[in-house]
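S.K.: Take this structure first; my questions come after.
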Amino acid sequence: MSTFPILEDMPLFKSLSSEQLAELMRSASQVHLPSGTPLFRLGDDADRLFVVRKGRVELSMPMQIGNKQMDAFLEELGPGDMLGWSALVEPHRYTVSASAHVDAELTAWNGADLRRLIATDPRLGVPLLQNLATLICRRFHGMQAMWLRELQRTISARIG
Amino acid sequence: MHGYISLIGGIVFFLGCGLFLFFACERREDEERARQPQPQPALPAARFFTDTKVKAPEAIELDPATVMLVMSLLERHVRQERAAVENFLEVPSVAHLRTGASSPFVN
């Protein structure tokens, strides 16, 4: 019987032992985010990394619609999804805005604490960073595919 | 005569020793200076979305209902594209990159 069944199922914590998960949880805090509340804004100091436990969190970026600046929808994250990886990656600035779409519960880690833990315990740090790289790569490939689809449509519209 | 030659020889000898010691000390100081970490030039402050509040100069006036409609169409379009991309990530194929979206944004 696993001590951390929810964490073990999360891609960020894949292949970490129960002891390592326990160590991670010792430095974690819980965040309750009522519906509509901003979690962070694009360009803010990225001081925390989050994993969604319950609810939905929406990612957005500023977009100009006529004379209005609006937060354009980018992605919706649910239980098990990670956000705020900029807390581990320089220049430690959030690259999108995030807010609760409905009431949400998140587990948060202080970025500096997590970076220290990764540096001092490579047996925990290496798999954690590998998992992080896999997640970032997946998002990058997703964005790349979206961009290619938009380009393909532009080409089709212009030359058929 | 012999005394003078000995005296000059002695002076030359001590001068040589002095110069040798002087250059040896200089070299050691240079080596120590080279071993010390050199101060790095300060990096410029991160320029990261510092202008998110800038308005486009020729932006047209839109009524709030139109803005909300555009936002809702945009969200629908992005959700459809996300779904298509999830399929592409599961089974990468050229066909997944070419299937059109049914959202009004591209039709």
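The values are calculated or read from the model by the stated rules, or taken from the named source; none is laboratory data. On a predicted model such as this, the values are computed, not experimentally measured, just so you know. Positions of Cβ are generated from backbone atoms using ideal geometry, with glycine treated the same way; all protein chains shown enter the neighbour counts.
S.K.: Among the residues of region B:69-95, which ones are part of a loop (DSSP other than H, G, I, E, B) and polar (S, T, N, Q)?
M.R.: B:Ser93 - this is the single residue of region B:69-95 that is part of a loop (DSSP other than H, G, I, E, B) and polar (S, T, N, Q).
S.K.: Give region A:76-92 a look and list any residue that's surrounded by fewer than 19 Cβ atoms within 10 Å (Cβ to Cβ) and in a strand (DSSP E or B), or say none.
M.R.: Within region A:76-92, just A:Glu76 meets the criteria.
S.K.: Is it true that some residue in region A:113-126 is assigned to a strand (DSSP E or B) and more than 10 Å from chain B (Cβ to nearest Cβ)?
M.R.: Checking region A:113-126: not a single residue is assigned to a strand (DSSP E or B) and more than 10 Å from chain B (Cβ to nearest Cβ).
S.K.: Shifting gears a bit: Name the residue, out of A:Leu49, A:Leu42, A:Leu106, A:Leu33, that is buried (at least 18 other Cβ atoms within 10 Å of the Cβ), touching a residue at least 40 places away in the same chain (Cβ under 8 Å), facing chain B (nearest Cβ under 9 Å) and among the hydrophobic types (A, V, I, L, M, F, W, C).
M.R.: Answer to the selection: A:Leu42.
S.K.: Out of all the residues in region A:56-67, which are at the interface with another protein chain (Cβ under 10 Å from one of its Cβ atoms) and either under 11 Å from the mean Cα position of the chain (by Cα) or surrounded by 19 or more Cβ atoms within 10 Å (Cβ to Cβ) (or both)?
M.R.: Once the filter is applied, which keeps residues that are at the interface with another protein chain (Cβ under 10 Å from one of its Cβ atoms) and either under 11 Å from the mean Cα position of the chain (by Cα) or surrounded by 19 or more Cβ atoms within 10 Å (Cβ to Cβ) (or both), region A:56-67 yields A:Glu58, A:Ser60.
S.K.: Using the structure shown, decide if A:Leu39 is under 22 Å from A:Leu132 (Cα atoms) and part of a helix (DSSP H, G or I).
M.R.: Taking the combined requirement at face value, the residue does not satisfy it.
S.K.: Moving on. Quick one: in region B:45-62, which of the residues that are more than 9 Å from chain A (Cβ to nearest Cβ) and farther than 26 Å from A:Ser86 by Cα is modelled with the highest pLDDT?
M.R.: Checking each candidate, the answer is B:Glu58.
S.K.: Something else: Give me the pairs, please: first residue somewhere in region A:68-81 and facing chain B (nearest Cβ under 9 Å) and closer than 16 Å to A:Met143 by Cβ, second residue anywhere and part of a strand (DSSP E or B) and among the charged types (D, E, K, R), beta-carbon distance under 6 Å, and either six or more positions apart or on two chains.
M.R.: A:Glu76/A:Glu58
S.K.: Can you report the number of residues in region B:66-85 which are under 19 Å from A:His101 (Cβ atoms), of a type outside the set (D, E, K, R) and in contact with a helix residue (DSSP H, G or I) (Cβ under 8 Å, 6 or more places away or on another chain)?
M.R.: 3
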